[in-house]
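The values are calculated or read from the model by the stated rules, or taken from the named source; none is laboratory data. Only a predicted model underlies this, so the values are computations on that prediction, with no experimental measurement involved. Note that we place each Cβ from the backbone using ideal geometry, even for glycine, and neighbour counts take in every protein chain shown. For the accessible areas, the whole protein counts, side chains as well, though only heavy atoms, and no ligand, DNA or RNA atoms are used. Shrake-Rupley method; radii C 1.70, N 1.55, O 1.52, S 1.80 Å.
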Amino acid sequence: MNANGKAGTDARWPAIRFTVNGESRTVNVPPMKRLLDVLREDLHLTGTKEGCGEGECGSCSVRMNDELVNSCLVPVLQAEGAEIQTVEGLALDGELHPLQEAFLHNGGAQCGICTPGMLMAAAQLLAHSPHPSEAEIREGLAGNLCRCTGFVRIFESVAAAAGASQSEPAKEPELEQTHHAR
Ligand code: FES
Ligand code: FES
């Protein structure tokens with residue numbers, strides 16, 4: 001990356017600008033270069049993984065403008081002006097995201113190749129359905145393949161993460177009561 005915050009510096013190519021994990025980024029790369037490769041090679045965000053490279057496995061999933069996309073199928077030109085979230089954008093201030101904690105504690109990851117994509121698919125699901133049923137979890141992750149876990153622990157991890165966030169609002173009445181008791 002150069003002093004202007006540009007990642008790709010080849011002046012032959014027009015600048016393409018977008019936001020990744022809340023940060024404005026500019027790349028000068030061939031417009032048809034895959035978003036997956038721009039993330040990994042030009043922005044050094046190697047959390048996003050390549051599995052099939054053909055839109056079949058979901059390993060390369062990222063969130064773009066609040067949609068889950070296979071970054072291996074997205075020419076970077078399509079990302080112009082977009083808001084993108086990758087797996088690197090899940091943790092906040094050094095704290096793992098509840099989904100990451102849940103995968104860690106429930107055996108949701110083994111070799112790890114599918115894990116970033118699974119996490120992003122799960123993040124997309126929970127953003128729109130914070131308390132998903134098992135069927136909704138299965139459907140939300142249907143585009144993501146895992147060769148290791150047999151899926152059950154992944155589904156359990158997502159359910160656990162949803163349960164963790166469900167428990168947070170339950171604390172509010174206690175806080176309210178404490179406040180009134182003063
Ligand atoms: S690597 Fe993109 S869907 Fe498999
Ligand atoms: S943990 Fe290995 S492919 Fe899912």
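What the table below lists for this structure:
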read-out	value
Residue list for the range 124-143, restricted to those being open to solvent by 30 Å² or more (accessible area, probe 1.4 Å) and assigned to a loop (DSSP other than H, G, I, E, B)	130, 131, 133, 142, 143
Per-region count, the range 145-182, residues over 20 Å from the mean Cα position of the chain (by Cα) and either over 30 Å from residue 110 (Cα atoms) or modelled with pLDDT under 75 (or both)	17
Test: residue in the range 23-38 that is part of a helix (DSSP H, G or I), of a type in the set (A, V, I, L, M, F, W, C) and in contact with an Asp or Glu (Cβ under 9 Å, 6 or more places away or on another chain)	yes
Of residues in the range 33-50 being in contact with a Leu (Cβ under 7 Å, 6 or more places away or on another chain) and in contact (Cβ under 8 Å) with a residue 24 or more places away in the chain, the one surrounded by the most Cβ atoms within 10 Å (Cβ to Cβ)	39
Within the range 67-110, considering residues that are away from ligand 2 (no atom under 16 Å from the Cβ) and in a helix (DSSP H, G or I), the one farthest from the chain's Cα centre (by Cα)	77
Residue 99 being under 17 Å from residue 149 (Cβ atoms), touching a residue at least 24 places away in the same chain (Cβ under 8 Å) and of a type in the set (A, V, I, L, M, F, W, C)	yes
Among (1) more than 16 Å from ligand 1 (Cβ to nearest atom); (2) of a type outside the set (D, E, K, R); (3) surrounded by fewer than 17 Cβ atoms within 10 Å (Cβ to Cβ); (4) touching a residue at least 12 places away in the same chain (Cβ under 8 Å) - the single one residue 94 does not satisfy	(4)
In the range 67-90, residue nearest to residue 120 (Cα to Cα) [restricted to those that are open to solvent by 50 Å² or more (accessible area, probe 1.4 Å) and touching a residue at least 40 places away in the same chain (Cβ under 8 Å)]	68
Test: residue in the range 7-18 that is under 17 Å from residue 119 (Cβ atoms), surrounded by 21 or more Cβ atoms within 10 Å (Cβ to Cβ) and at pLDDT 95 or above	no
Filter result (within 17 Å of residue 145 (Cβ to Cβ) and without any contact (Cβ under 8 Å) to a residue 60 or more places away in the chain) within the range 121-132	122, 125
Of all residues making up the range 55-66, the number that are without any contact (Cβ under 8 Å) to a residue 60 or more places away in the chain, out of contact with any helix residue (DSSP H, G or I) (no Cβ under 6 Å at 6 or more places or on another chain) and within 16 Å of ligand 2 (Cβ to nearest atom)	0
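Results for (1) within 21 Å of residue 163 (Cβ to Cβ); (2) more than 16 Å from ligand 1 (Cβ to nearest atom); (3) not polar (S, T, N, Q), shown as yes or no for each residue.
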residue	(1), (2), (3)
69	no, no, yes
88	no, yes, yes
99	yes, yes, yes
118	yes, no, yes
123	yes, yes, yes
128	yes, yes, yes
134	yes, yes, yes
137	yes, yes, yes
